[in-house]
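Colleague: The structure that follows is given in the form of structure tokens.
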Amino acid sequence: MPSKPAMLRGVLTWDDDAPPIIEPPIEPPIIEPVPPDGDPGLIYPADLGYVGCFRLPSYPVRYDYPPKGMAYYAPRDSLFLNGFADFHGTGEVSIPTPIKGALTLSELHRAIELQPITDPTEGSIWALNYGAALNLGGLHIHRDRLLVTVYRHYDADGNQPFSHWSRNPNLSAAGDYVGPKTLLVTDATETASVHAGNVSGYMGAVAPEWQERFKGPCFTGQSGIPIVSRTSLGPGLFTFDPSDIGIKDPIPTTPLLFYPGSHPTLGKYTPGPTDPNPNVLFNGTMQVGAVIQPVGTRSVLFFGVIGIGKYSYGQGTSDPALDGTPVPGYNNEVFYCFDPVNHAKGDHAYPYPAYVWAYDALDLARVAAGTMQPWEPVPYATWELPSDFYSWLPRLSGATYDPDRQWIYVAQTRGDGDAPLVHVYSCAHAAQRAMKTRMPRRPFVYLRNQRGA
């Protein structure tokens, strides 16, 4: 096991031959490491090639202002996405040909609606309400079942009792769902409890070759939601078996990654004046929207956004002259923060690039085996995710993965007016490895060149 910490262009990593010196982060805060000699199967920025992007169905189909969640559905070569947040609904769309290098959004193809946006919980979501706002947290397909997570937006007491549903992907198949169900989480406090705030968000498939070592076929996690004490100071990740939904109560999980307040390995939620600023690993603006493990590699990738500018808490403003001045009516307790894209009161660190946090699966396997603690792994690399039309908005609503085509789909919130824009990346590194295992390819089901009206 590696024994010495080192910095890889500003990112803490491990290297047996590195001197025990930690250098400060450098500017700019974008980490683009060069793969080490020997190529251990880790994914780096050059391994994700930008394919292009496409638009979702137009209004009045309500994919504007979505919560998190997106899932690739292999049998129909389609995507499930969550729609307008207040409707608590999920729909299915086709995948048109992505366009790269378009000068205007009108040049992009549109997806076609395959199933209208429908409440996947059939009203049972309100069992979680208790007066708190609710959000769909994630979507995933496992063995032809659609998995859904839900979380309370502001769970101040941290006692959300359950989080997961399983249903027929035919959204009109009434009554064919199981949930809500509880996942039993053993977190860094070493207590077995519900802790739904840790698992009620993004989900993803564990690569087949890692399922035994990770002790489960599916990932689930959460990060970057209000009341940070109920979740992780950085990416959080657990495995579970969706086949246990409706069979075991509560459903067991295995922790792989978790940073409690007592172990802020990646950095503090509110960086102080003497802390490295910006911190591209973690701060209060971090939003994680998805986890993906490309098959044939050693990488587990988290997709999200993070503010890389000066961190501050207060009222956002587009006027740089107001930065740091008191907001009228708050008795000098609230101050303006320069942030031209997020005017809300809260955490600010403009600008907000789309980001990837890359972890070595071997470290997560050591956690599953009990030889490392969940807060000990750190990213071996982080980098900014390039794309067309990126607008520096502080959230991604989800990402998902097609292992046969080796495509990663990333939904950029408000990339197309108030609706998301879906970006597509080719995982070339994983594709090369997948060919060695002779993975079968499915024929495409829907017209790839369909251009919507």
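The values are calculated or read from the model by the stated rules, or taken from the named source; none is laboratory data. Note that the coordinates shown come from a computational prediction; the quantities given were computed from them, not determined experimentally. Please note: Cβ atoms are built from the backbone with ideal geometry, for glycine as well, and neighbour counts cover all protein chains shown.
Colleague: Checking the condition among the hydroxyl-bearing types (Ser, Thr, Tyr), assigned by TED's automatic domain parsing to the domain that holds residue 72, in contact with a Pro (Cβ under 7 Å, 6 or more places away or on another chain) and under 29 Å from residue 74 (Cβ atoms), which residue from 166, 200, 243, 172 passes?
Modeller: 166
Colleague: Say we look at region 149-203 and pick out the residues that are surrounded by fewer than 18 Cβ atoms within 10 Å (Cβ to Cβ) and at pLDDT 90 or above; which of these is nearest to residue 372 (Cα to Cα)?
Modeller: Restricting to residues being surrounded by fewer than 18 Cβ atoms within 10 Å (Cβ to Cβ) and at pLDDT 90 or above, the top hit is 178.
Colleague: Among 346, 329, which is at positive phi, in a loop (DSSP other than H, G, I, E, B) and of a type outside the set (A, V, I, L, M, F, W, C)?
Modeller: Just one listed residue meets the conditions, 329.
Colleague: Hey, another quick one. For region 193-227, which residues satisfy the criterion of being in contact (Cβ under 8 Å) with a residue 24 or more places away in the chain and among the charged types (D, E, K, R)?
Modeller: 209, 213, 215
Colleague: Checking residue 115 against (1) part of a loop (DSSP other than H, G, I, E, B); (2) modelled with pLDDT of 95 or more; (3) not hydroxyl-bearing (Ser, Thr, Tyr), which single condition isn't satisfied?
Modeller: With (1) part of a loop (DSSP other than H, G, I, E, B); (2) modelled with pLDDT of 95 or more; (3) not hydroxyl-bearing (Ser, Thr, Tyr) applied to residue 115, the lone miss is (1).
Colleague: Another question, if that's okay. With the checklist (1) surrounded by 23 or more Cβ atoms within 10 Å (Cβ to Cβ); (2) more than 22 Å from residue 231 (Cβ to Cβ); (3) of a type outside the set (Val, Ile, Thr); (4) touching a Lys or Arg at 6+ places or on another chain (Cβ under 9 Å) in hand, flag the one item residue 364 doesn't pass.
Modeller: Unmet condition: (2).
Colleague: How many residues are modelled with pLDDT of 95 or more and under 20 Å from residue 291 (Cα atoms) when one looks only at region 51-68?
Modeller: Counting residues in region 51-68 that are modelled with pLDDT of 95 or more and under 20 Å from residue 291 (Cα atoms) gives 2.
Colleague: When the residues of region 361-419 are narrowed to those that are of a type in the set (Asp, Glu) and assigned to a strand (DSSP E or B), which ends up farthest from residue 209 (Cα to Cα)?
Modeller: Here the answer is 416.
Colleague: Separate question: Filtering region 235-245 down to residues that are surrounded by fewer than 24 Cβ atoms within 10 Å (Cβ to Cβ) and without any contact (Cβ under 8 Å) to a residue 60 or more places away in the chain, which residue is nearest to the chain's Cα centre (by Cα)?
Modeller: By that ranking, first place goes to 241.
Colleague: Going by the conditions given, is residue 44 of a type in the set (Phe, Trp, Tyr), modelled with pLDDT of 95 or more and buried (at least 19 other Cβ atoms within 10 Å of the Cβ)?
Modeller: When the stated conditions are applied, residue 44 does not pass them.
Colleague: A further question on this structure: Could you list, in sequence order, all residues of region 266-284 that are of a type in the set (Val, Ile, Thr) and surrounded by fewer than 24 Cβ atoms within 10 Å (Cβ to Cβ)?
Modeller: The answer is 270, 274.
Colleague: A further question follows. So residue 369 clears everything in (1) closer than 25 Å to residue 83 by Cα; (2) surrounded by fewer than 18 Cβ atoms within 10 Å (Cβ to Cβ); (3) of a type in the set (A, V, I, L, M, F, W, C) except one condition, right? Which one?
Modeller: (1)
Colleague: Now for a separate question. Pick from region 117-131 the residues that are loosely packed, with under 15 Cβ neighbours inside 10 Å and of a type outside the set (Ser, Thr, Tyr): which of them is farthest from residue 80 (Cα to Cα)?
Modeller: 131
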